[in-house]
Amino acid sequence: MSVLEFVRSRIQALRAQQHKLKAATASQNPEAAIAEVKKSAEESKPGAEQADEAGTMTSIIPGNYENVTGIRSNTMKFLTNFFGRHQLSKIFICFPDPHFKARKHKMRIISESLNAEYAYVLRPGGLLYTITDVEEYHHWVLRHFQYGGDEQKGGSIKDLWERVSDEELEADPCVRVMKFETEESKKVTRNNGNKYVAVFRRKADPDWP
């Protein structure tokens with residue numbers, strides 16, 4: 001099963017669970033619905049146990065997972081075809097392909113040119129989250145946001161971003177989810193791997209002179 005197929009199947013399962021809970025609430029019999037949803041989840045395919053741990057099987061979530069989906073596309077080419085200027089509040093780049101070979105580095109999803117596009121679609125004050133289990137890639141991320149030793153080079157990218165402090169990240173629930181709740185993060189944990197997190201805040205656009 002591909003990653004996209006897995007994500008879509010999980011979304012469909014969560015939507016179905018929400019529909020059952022809403023129907024039970026309307027009939028004033030939520031306990032029976034919760035029991036039924038748990039039973040069906042136990043019999044379903046991958047991920048049912050994670051949903052139970054997160055509490056999604058026993059509570060109604062705003063939006064009922066109707067406002068989430070997964071699509072397969074090339075962000076490096078088509079990001080601005082999907083999102084307008086300052087449309088997004090958060091962007092997550094979780095365990096991207098490190099493309100280890102030097103000749104493949106141009107395919108990495110973090111670069112100065114792509115970081116400028118991320119800044120275009122992210123609102124001022126919005127956050128771009130990155131996590132990887134490859135230390136070299138983590139340093140690549142810092143360098144290409146110009147927070148890893150090349151601060152004096154150019155300057156245009158650093159003018160768009162500021163790195164979020166470790167103290168602030170400790171209180172961010174999104175960081176906890178990236179590090180411990182995603183399928184890839186759990187795989188890294190099982191393999192006793194390291195996880196490297198860096199989060200950048202989109203600065204406000206400078207005033208015109």
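Every number here is computed from the coordinates shown, using simple stated rules; none is lab data. As the structure is a prediction and not an experimental result, all values here were calculated from the model. In this analysis, Cβ positions are derived from the backbone assuming ideal geometry, glycine residues included, and neighbour counts consider all displayed protein chains.
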Inset, instruction - Would you grab the residues whose amide H sits under 5 Å from the one on Lys203? Only those 5+ places off in sequence or on another chain, please, with H modelled 1.01 Å from N. - result: Gly125, Trp161, Glu162
Inset, instruction - Pop a pseudo-label 7 angstrom from the Cα along the beta-carbon direction at both Trp208 and Ile61 and give the gap in nm to one decimal. - result: 4.2 nm
Inset, instruction - Report the trypsin sites (Lys or Arg not before Pro) located in the range 62-153 that are in a DSSP loop and have at most 13 other Cβ atoms inside 10 Å of their Cβ, or state none. - result: Arg72, Arg85, Lys101, Lys153
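Any number yet on Rg/Rh for the range 72-152, C-alpha, Kirkwood?
Computed over Cα atoms, the ratio is 0.96.
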Legend entry - Modelled FRET efficiency - R0 22 Å, Glu184 with His19, Cβ distances, 0.05 increments: 0.15
